[in-house]
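What follows is one structure encoded as structure tokens, with my remarks underneath.
Quick note: the coordinates plus some simple rules give every number you see, no bench work behind them. Quick caveat, the model's predicted, so the values are computed rather than measured. Cβ sites come from the backbone with ideal geometry, for glycine too, and all protein chains shown count toward neighbours.
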């Protein structure tokens, strides 16, 4: 019997169980051949916007655009909403990436590179136009306490807020009314092949982009927010997009709504609890993040006594794929994705395999 492969990698990760069926249906119905100016594509576009708003409780007056990746979401946010300065709350390499993109674009960014409640409460952000936050940093397994971000917004009404939600959707239950730009990609929690990004944009962010455009500032070309909006009104994108991924997204969003986002979140917590309890009660692995309040439930990072390469290689022989550490911690950490496509049985199989290293 062929061994079932399970991808606990943190992105791309395991595809949603129904993707294979939807892919076959899409090929059978020639979805791969339709034009992005076709009425059928318009139907997928508008329906996806509606489905995303329903699944994630996005306000009706917010806009949803399809882009290439989460990284493009960073650049779009900075380019379209900052004339002079942005501020970044960072908890790992991806928060630093957001900060470095702002530097590369000449926006004179500042950052606070650790979570400190006192410093957050006393932050004076009056000179900044945009606050950038990574909700869940995949490199460290830190989940930012978003209630603190909402409090910042309440104290700074004119401050725009951008959130990298790449490793959190659909688990993260964001209060979008406090946020202006939220972007993510599909290859993690949405269980789709890589190659599609989504950015959710408030009316205030659109207004800021239009203001910069009138001042003749460079906000990008065919993928600036005003241009994306002008095409989105027609159910289109400026360029030829990943039509297949937009179709598959349509089908998976419907599946998730039937399954229930509350049930997805409940099961994510249950699976994370099992993984963390195992990590805490053995001598070979330990959770990297000790503080339970900022510990990610979707991208779990652990220290390992064995070289991560040995752990990863051994599990791969059993049909189980996990990630090594990020950057300088490549050999010291392992990283485990915990997304809706992973079942409780998959998690138990993972734990059994990891237990052999104790």
> Does residue 97 qualify as being in a helix (DSSP H, G or I), loosely packed, with under 15 Cβ neighbours inside 10 Å and either in contact with a strand residue (DSSP E or B) (Cβ under 7 Å, 6 or more places away or on another chain) or in contact (Cβ under 8 Å) with a residue 12 or more places away in the chain (or both)?
Replying inline: no
> Residues of region 199-240 being part of a loop (DSSP other than H, G, I, E, B), surrounded by 13 or more Cβ atoms within 10 Å (Cβ to Cβ) and over 25 Å from the mean Cα position of the chain (by Cα), which ones?
Replying inline: 217
> Looking at region 110-143, which of its residues are more than 22 Å from residue 328 (Cα to Cα), touching a helix residue (DSSP H, G or I) at 6+ places or on another chain (Cβ under 8 Å) and touching a residue at least 40 places away in the same chain (Cβ under 8 Å)?
Replying inline: 129, 130, 131, 132, 133
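What tally of residues in region 329-350 results from selecting those that are exposed (fewer than 15 other Cβ atoms within 10 Å of the Cβ) and part of a helix (DSSP H, G or I)? Walk me through it before giving the result.
Just the residues of region 329-350 that are exposed (fewer than 15 other Cβ atoms within 10 Å of the Cβ), to begin with: 330-331, 343-345, 348.
When the remaining residues are screened for being part of a helix (DSSP H, G or I), the result is 344-345, 348.
Adding up the residues that qualify gives 3.
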> Which one of the conditions (1) assigned to a loop (DSSP other than H, G, I, E, B); (2) in contact with a strand residue (DSSP E or B) (Cβ under 7 Å, 6 or more places away or on another chain); (3) closer than 29 Å to residue 241 by Cβ does residue 132 fail to meet, given that it meets all the rest?
Replying inline: (1)
> Of all residues in region 278-296, how many are in a helix (DSSP H, G or I), surrounded by fewer than 12 Cβ atoms within 10 Å (Cβ to Cβ) and free of Cβ contacts under 8 Å to residues at least 40 places away in the same chain?
Replying inline: 1
>> Would you confirm whether or not region 129-147 contains a residue that is surrounded by 19 or more Cβ atoms within 10 Å (Cβ to Cβ) and at positive phi?
In response: yes
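Every residue in region 1-54 that is in a helix (DSSP H, G or I) and under 30 Å from residue 330 (Cβ atoms), please. Steps first, please.
Our first condition is that a residue be in a helix (DSSP H, G or I); within region 1-54, this holds for 19-28, 31-33, 39-54.
Across region 1-54, the qualifying residue is only 19.
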